[in-house]
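Everything on this sheet refers to the single structure shown next.
The values are calculated or read from the model by the stated rules, or taken from the named source; none is laboratory data. These figures come from a predicted structure and were not determined experimentally. No Cβ is skipped: glycine too gets one built from the backbone with ideal geometry, and neighbour counts run over all protein chains shown.
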Amino acid sequence: MADKVEFAEVFRAEHRAIRDALLGLIQAFRKGDPAQMREFLGRVAALAGPHFRYEEEALYPALTAVLDEEQVGELVRAHDSAIEAARELKALAARAELGQEEAVRGARLARNLLPHVFECDGLSIMAELLPEQAIETVLKVRAGSLGDNLDLLRWADTVRPRSSANALN
């Protein structure tokens, strides 16, 4: 039971940290501050890289015991969308100046990532249904992901299978 409690605590803490970084990113785009955009985008990428990785490598496959494969596939597709949004946000934040339309686009892209954070945080109540051994495995994969410390795009470009939605089996 200790592993389940630990998992619930770290999972929720990670989602809070990603939420807060996204809220900072939204504000940076609203203010049109490229330095803050890059700072918060870097924070989101640093947090989301290891997090997405252990979700896809260990948590999502384990969840097929309580969710159907289509539901788990939707979670992976949400990651696909988040990665594409991160690529666009990175391109926007790399500019020396943003026009109003670009700043609004950046804020919207970042804001659109929030629902996945909320939905994914709710998975902790589904993870409670997993056997202790599965949670132990998730925590071990999480530790490895944190140790590798790959940000979101570096992980997506170098480690993540190209067809992640089909890599769950």
If a residue must be among the aliphatic types (A, V, I, L, M) and part of a loop (DSSP other than H, G, I, E, B), how many such residues does the range 79-106 contain? 3
Name the residues in the range 116-132 that are outside any loop (DSSP other than H, G, I, E, B), in contact (Cβ under 8 Å) with a residue 60 or more places away in the chain and farther than 19 Å from His79 by Cα, would you? Glu132
Taking the range 123-169, which residues are of a type in the set (Ser, Thr, Tyr), buried (at least 16 other Cβ atoms within 10 Å of the Cβ) and either modelled with pLDDT of 95 or more or on the phi > 0 side of the Ramachandran plot (or both)? Thr137, Ser145
Among the numbered criteria (1) part of a helix (DSSP H, G or I); (2) touching a helix residue (DSSP H, G or I) at 6+ places or on another chain (Cβ under 6 Å); (3) over 15 Å from Arg19 (Cβ atoms), which single criterion is violated by Leu113? (3)
Please determine, by comparing only the residues of the range 111-122 that are at pLDDT 95 or above and not hydrophobic (A, V, I, L, M, F, W, C), which one is surrounded by the fewest Cβ atoms within 10 Å (Cβ to Cβ). Asn112
What number of residues within the range 26-39 are farther than 14 Å from Ala94 by Cβ and of a type in the set (A, V, I, L, M, F, W, C)? 1
Scan the range 10-20 and tell me whether some residue there is in a helix (DSSP H, G or I), farther than 16 Å from Gly122 by Cα and of a type outside the set (Lys, Arg). yes
